Amino acid sequence: MRKVLIVGGGPAGLCAASVLARSGIDVEIVEISPDLRPQGVGLAVTGPSVRALAMVDPDLLARCVAEGAVHRAMSFGTADGQITRRVPLRQPAGEQYPAGFGIMRPVFWGLLADAAQRAGAKIRLSVTITAVRQEPDRVEVSLSDGSAVTCDLLIGADGLWSKVRELAFDDEPDPSFTGQTAWRVMVPRAPEIDRGIVVYTGPRGRIGCNPVSASEMYVFVGEITPQPTRLPQQEWPALLRELLAGYGTVIERAREQIADPDQVDRRPLYAMLVRQPWYRGRILLIGDAAHTVTPQLAMGAGIAIEDAVVLGDVLGSDTDLDSALDQFMRRRYDRCRLVVENSLQLGEWDKHPGEPGADPAGLSEATFAALAAPF
Ligand SMILES: Cc1cc2nc3c(=O)[nH]c(=O)nc-3n(C[C@H](O)[C@H](O)[C@H](O)COP(=O)(O)OP(=O)(O)OC[C@H]3O[C@@H](n4cnc5c(N)ncnc54)[C@H](O)[C@@H]3O)c2cc1C
């Protein structure tokens, strides 16, 4: 393995680049955006994701934790703002690492990109893949800037609407809309949100707060929407204020601060699990391109980072590419399927909370217990 081309500079692509470049492989990322500015406001890095980041680069993890807000517990409250239950978080990465943390997306992506570049990976911005041809011993890739790259392995880490998947896995079904639309809004961090995510259950289901730095948090809510509608961004603040009405203290104070459309992020939620294997010859899909999950377990970026860790292991082993990718699938498929399916189930219970057997807390706990196992 001499040359790897990665399409997409999100957590999957950037972490794969770090791991592979450090092992001496010539790694290049092509990213369609003009900068590495991601969509969305912030995200939660849960216990298994902390462990995966520590495996990519312990210094990188330390820098992320320093820029973010440490999570020690998950708390549950009522609509009027009373906390009724606090669940201490597991620390699968070990006592020396935090159980989890929240971080702003641009900060997180910037640190991941910095780590990939320090490891020796090159990143080309405003470039995408336009065509691909496989030969037995190489992949020939055409890029949108008119250049061509010959590589030993092409990695599609280009997210939900992956171009690599479209070009090389054209028999895979499109991602499915889940019937929910996620809203996020950045607001100053409330003093009550002092040890991690807090979720309040009230008239419109569950609304949560995730601290992402010493001074900031975001409020998150999933709206039930039968269709994936697009609405003018100017209208988002007023619509979100309506959705958040009827919840006490913390949410009410946040609600009063929603005015600027740029504060608000709104996106219809899709899910998808590509049938195994996620490789065709010398082309492999990782991250959301292979398994897009809804955010109920906050594990999408985590399993994308785990993909990078496992890829580094199998490509570093003394075996041929086919066997290495086969090992990759054995270690990744069931674990990613668990996250995709259980996140979807939690989304269904968000939509139908009275359904017989609905047990979101039990399913979340069971999923994190399973994910604490080595991968
Ligand atoms: C509302 C919401 C909240 C979430 N919250 C969390 C959370 O709290 N914790 C968590 O772990 N996960 C969360 N997730 C999931 C998480 O964001 C994703 O799982 C994660 O970003 C996947 O990383 P990735 O690198 O595979 O894909 P992406 O992050 O989507 O990155 C793909 C990259 O590829 C680039 N790209 C796309 N097309 C092309 C192309 N044709 N050519 C070149 N480049 C291309 C994109 O610009 C992007 O930079 C959330 C998701 C949503 C929708």
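The values are calculated or read from the model by the stated rules, or taken from the named source; none is laboratory data. Being a predicted model, the structure only gives us computed values, none of them experimental. Note that each Cβ is placed from the backbone with ideal geometry, even for glycine, and that neighbours are counted across all protein chains shown.
Kindly provide the set of residues from the range 34-44 that are aliphatic (A, V, I, L, M) and more than 6 Å from the ligand (Cβ to nearest atom), ordered by number.
Across the range 34-44, the qualifying residues are Leu36, Val41.
Against the conditions (1) at pLDDT 95 or above; (2) under 21 Å from Trp183 (Cα atoms); (3) loosely packed, with under 15 Cβ neighbours inside 10 Å, where does Gly68 fall short? Just the number, please.
Every listed condition holds for Gly68 apart from (3).
Going by the structure shown, is Asp171 more than 24 Å from Cys15 (Cβ to Cβ) and either at pLDDT 95 or above or assigned by TED's automatic domain parsing to the domain that holds Pro58 (or both)?
So Asp171 passes the test.
Considering each residue of the range 19-56, count those that are farther than 26 Å from Leu338 by Cα and part of a helix (DSSP H, G or I), and give that number.
Residues flagged as farther than 26 Å from Leu338 by Cα and part of a helix (DSSP H, G or I) within the range 19-56 amount to 3.
Can you list the helices (runs of 4 or more DSSP H) found entirely within the range 246-352 that contain at least 3 residues being assigned by TED's automatic domain parsing to the domain that holds Asp170?
300-316, 321-351
Between residues in the range 282-304 that are under 30 Å from Asp152 (Cβ atoms) and at pLDDT 95 or above and residues that are of a type in the set (Asp, Glu) and buried (at least 24 other Cβ atoms within 10 Å of the Cβ), which pairs lie under 7 Å by C-beta distance while being six or more apart or on different chains?
These pairs meet every condition: Ile286/Asp307; Gly287/Asp307; Ala289/Asp158; Gly300/Asp288; Ala304/Asp288.
Just to be sure, is Asp59 away from the ligand (no atom under 16 Å from the Cβ), of a type outside the set (A, V, I, L, M, F, W, C) and in the same structural domain as Ala301 (by TED's automatic domain parsing)?
yes
Against the definition (under 27 Å from Ala304 (Cα atoms) and buried (at least 17 other Cβ atoms within 10 Å of the Cβ)), how does Leu153 come out, yes or no?
For Leu153, the condition - under 27 Å from Ala304 (Cα atoms) and buried (at least 17 other Cβ atoms within 10 Å of the Cβ) - is met.
What strands (runs of 3 or more DSSP E), lying completely within the range 174-219, carry at least 2 residues that are at negative phi, among the aliphatic types (A, V, I, L, M) and in contact (Cβ under 8 Å) with a residue 60 or more places away in the chain?
Counting at least 2 such residues, we get 176-188, 198-202.
Would you mind stating whether Thr367 is closer than 25 Å to Val45 by Cα, under 15 Å from the mean Cα position of the chain (by Cα), touching a residue at least 12 places away in the same chain (Cβ under 8 Å) and not assigned by TED's automatic domain parsing to the domain that holds Cys209?
no
Within the bounds of the range 64-72, is there any residue that is within 30 Å of Glu166 (Cα to Cα) and within 16 Å of the ligand (Cβ to nearest atom)?
No, the range 64-72 contains no residue that is within 30 Å of Glu166 (Cα to Cα) and within 16 Å of the ligand (Cβ to nearest atom).
Go through (1) under 23 Å from Leu311 (Cα atoms); (2) of a type in the set (Gly, Ala, Ser); (3) within 9 Å of the ligand (Cβ to nearest atom) for Gly47 and report which single condition fails.
(3)
Does any residue of the range 11-33 turn out to be farther than 30 Å from Asp320 by Cα and within 16 Å of the ligand (Cβ to nearest atom)?
yes
For the range 179-186, indicate whether the set of residues that are over 23 Å from the mean Cα position of the chain (by Cα) and among the charged types (D, E, K, R) is non-empty.
no
Which one is surrounded by the fewest Cβ atoms within 10 Å (Cβ to Cβ), of the residues in the range 252-309 that are more than 7 Å from the ligand (Cβ to nearest atom) and among the basic types (Lys, Arg)?
Step by step, filter the range 252-309, then rank; the result is Arg275.
Does any residue of the range 89-102 turn out to be out of contact with any Ser or Thr (no Cβ under 7 Å at 6 or more places or on another chain), within 11 Å of the ligand (Cβ to nearest atom) and within 19 Å of Val212 (Cβ to Cβ)?
Within the range 89-102 (the criterion being out of contact with any Ser or Thr (no Cβ under 7 Å at 6 or more places or on another chain), within 11 Å of the ligand (Cβ to nearest atom) and within 19 Å of Val212 (Cβ to Cβ)), the answer is yes, since at least one residue qualifies.
Each row is one residue, and each column tells you yes or no for (1) of a type in the set (D, E, K, R); (2) in contact with a helix residue (DSSP H, G or I) (Cβ under 8 Å, 6 or more places away or on another chain); (3) farther than 19 Å from Lys351 by Cα.
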{"position": "Arg184", "(1), (2), (3)": "yes, no, no"}
{"position": "Pro188", "(1), (2), (3)": "no, no, yes"}
{"position": "Pro191", "(1), (2), (3)": "no, no, yes"}
{"position": "Asp194", "(1), (2), (3)": "yes, no, yes"}
{"position": "Gln234", "(1), (2), (3)": "no, yes, yes"}
{"position": "Pro237", "(1), (2), (3)": "no, yes, yes"}
{"position": "Leu243", "(1), (2), (3)": "no, no, no"}
{"position": "Gly248", "(1), (2), (3)": "no, no, yes"}
